[in-house]
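Bear in mind that the values in this text are calculations on the coordinates, not laboratory data. As the structure is a prediction and not an experimental result, all values here were calculated from the model. Quick reminder, even Gly has a Cβ in these numbers, built from the backbone with ideal geometry, and neighbours come from all protein chains shown.
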Amino acid sequence: MIQISGLVLRSTAWRIALSGVLLLSGCATTTGVADPRDPLEPLNRSVFAFNDAADKVLFKPAATLYRDLTPALVRAGVSNFLGNLDDVWSFVNSALQFKGQAAAQNFMRVNVNTVFGVGGIFDVASEARIERQREDFGQTLAVWGFPDGPYIVLPLFGPSILRDVVAWPVDLNGDLLARINHIPTRNTFKVLDQLDMRASFLKLGDALDDGALDKYTFTRDAFLQRRRNAVFDGNPPDLPDAATPKRP
């Protein structure tokens, strides 16, 4: 299962409380764990197995149907529209991290795609070589000096780290979809968001099922590397113990 995207739960407090339970539970099961980034590995593996089973039964089939039944042009429009909404929050976090160029690019992307891309359905900004700079509040906390914390696998959400769990309520409040007052419309977009994201990982998931000797370790290492690259804008330092950049 590609557990990087996760699912959106209604209660942000539930996720924070769950992470605390996992941390406390893991204290009794950390003996002999090889990777210091993953002190809860025995418990995390159990949750990973549950998520993998749920994905095979529910999420992967739903994403496959979405891919097979929805025209590619429509799927691209959905992805572009949702990406345009994400760019708004990326602009805010770029500014909070004092990344002037990234903030300017995201600001330009939102304006160009909203005006000339029919509300973001068409990604005109990418055609104009205005690159997307993805930023979230977990990355912002990292730039401000907050450490990663332990690796955690949450039920249905998949891989995370403690810092991102703490940042999650702020990210939810910054999500423009969450501000849609019409509940059926909001839920429809939420479902489309998750289907589109899961569908984008179908080929990668099949390759992982066929080739990975240990799916858990592969997924964990890929997630942690991806988050580290995101924090350092794709250019992490060589020192393995450098967890976070200095705050500007």
**Request:** Looking only at the stretch 184-201, decide whether some residue is within 25 Å of Arg75 (Cα to Cα) and part of a loop (DSSP other than H, G, I, E, B).
**Result:** yes
**Fill in**
Checked the stretch 45-100 for anything β-branched (Val, Ile, Thr), in contact (Cβ under 8 Å) with a residue 40 or more places away in the chain and under 20 Å from Glu127 (Cβ atoms); matches are Val78, Val88
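Could you tell me which of the residues Ala95, Ala128, Ala102 is buried (at least 20 other Cβ atoms within 10 Å of the Cβ) and of a type outside the set (Lys, Arg)?
The match here is Ala102.
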**Message:** Suppose we filter Gly83, Gly117 for residues that are of a type in the set (Gly, Ala, Ser) and over 18 Å from the mean Cα position of the chain (by Cα); which single one remains?
**Reply:** Gly117
